[in-house]
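I have placed the structure first, in the form of structure tokens, so that the comments after it can refer back to it.
The values are calculated or read from the model by the stated rules, or taken from the named source; none is laboratory data. Model, not experiment: these values are computed from the prediction. Because the Cβ atoms are built from the backbone with ideal geometry, glycine has one as well, and the counts that use them run over all protein chains shown. Side chains included, ligands, DNA and RNA excluded: accessible areas come from the protein's heavy atoms. Shrake-Rupley method; radii C 1.70, N 1.55, O 1.52, S 1.80 Å.
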Amino acid sequence: MSGQSFQVVQSAPDTVSVSGALTFATAAAALEAIRAALPGRQVLDLAGVDRSDSAGLACVLAVLAPNGGKVRVRHVPQGMQQLAKVCEVDSLLG
């Protein structure tokens with residue numbers, strides 16, 4: 001998968017899976033796609049994310065914020081976890 005593309009799929013009845021890049025170049029479109037796929041689902045699975053940056057982290061946080069803890073994030077990429085820790089928002093990722 002290209003470093004500048006992403007894919008959002010409803011991989012299970014309760015799960016939205018994201019793969020590819022969550023970066024400045026893709027974050028706005030990814031946020032829109034995730035929000036469209038998320039209603040009625042409780043899990044955001046990031047196992048397929050192969051590249052992320054601060055915009056990718058902001059995208060994930062923007063998905064979580066309006067859902068008030070109703071959505072869990074699984075398989076947060078290591079780089080995103082480290083960035084979240086530096087930004088002191090790692091507790092928001094679960």
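Measuring from a point 7 Å past the Cα of residue 28 along Cα-to-C-beta, which residues in the range 43-73 have an amide N at less than 18 Å?
Correct set: 53-63.
I need two numbers for the chain: Rg to one decimal and Dmax as a whole number, Cα atoms only, in Å.
According to the Cα coordinates of the chain, Rg and Dmax are 11.8, 33 Å.
Is there a quick way to get the dipole size of the chain? I mean about its Cα centre, with the Cβ of Lys and Arg at +1 and of Asp and Glu at -1; what is the value in debye to the nearest 20? All intermediate terms of the calculation are to be shown ahead of the outcome.
Details: 7 positive and 7 negative charges, 36 e Å.
Roughly 180 debye, rounded to the nearest 20.
Using θ = phi - 60° and the Karplus relation 6.51 cos²θ - 1.76 cosθ + 1.60, list the HN-Hα couplings for the range 55-63 in order, rounded to whole Hz, with x at every Gly or Pro.
Per residue, the Karplus-derived 3J(HN,Hα) values read 5, x, 5, 4, 4, 5, 5, 5, 6 Hz.
Mind checking which of 37, 58, 20 is farthest towards the positive end of the chain's charge dipole, using Cβ charges of +1 (Lys, Arg) and -1 (Asp, Glu) about the Cα centre?
Farthest towards the positive pole: 37.
Can you tally the net charge around residue 14? Count Lys and Arg as +1, Asp and Glu as -1, for every other residue whose Cβ sits under 15 Å from the Cβ of residue 14. Mind dumping the intermediate values first?
Details: positive: 41, 70, 72, 74; negative: 45.
Result for the local shell: +3.
Which whole-number value in Å² is the accessible area per residue of the chain, probe 1.4 Å? Working shown, then result.
Numbers: 5140 Å² over 94 residues.
The answer is 55 Å² per residue.
Roll a 1.4 angstrom probe over the protein heavy atoms and tell me the percent of accessible area of the chain that is carbon or sulfur. Write out the running numbers ahead of the final one.
Working: 2750 of 5140 Å².
In the chain, the share of accessible area belonging to carbon and sulfur is 54 percent.
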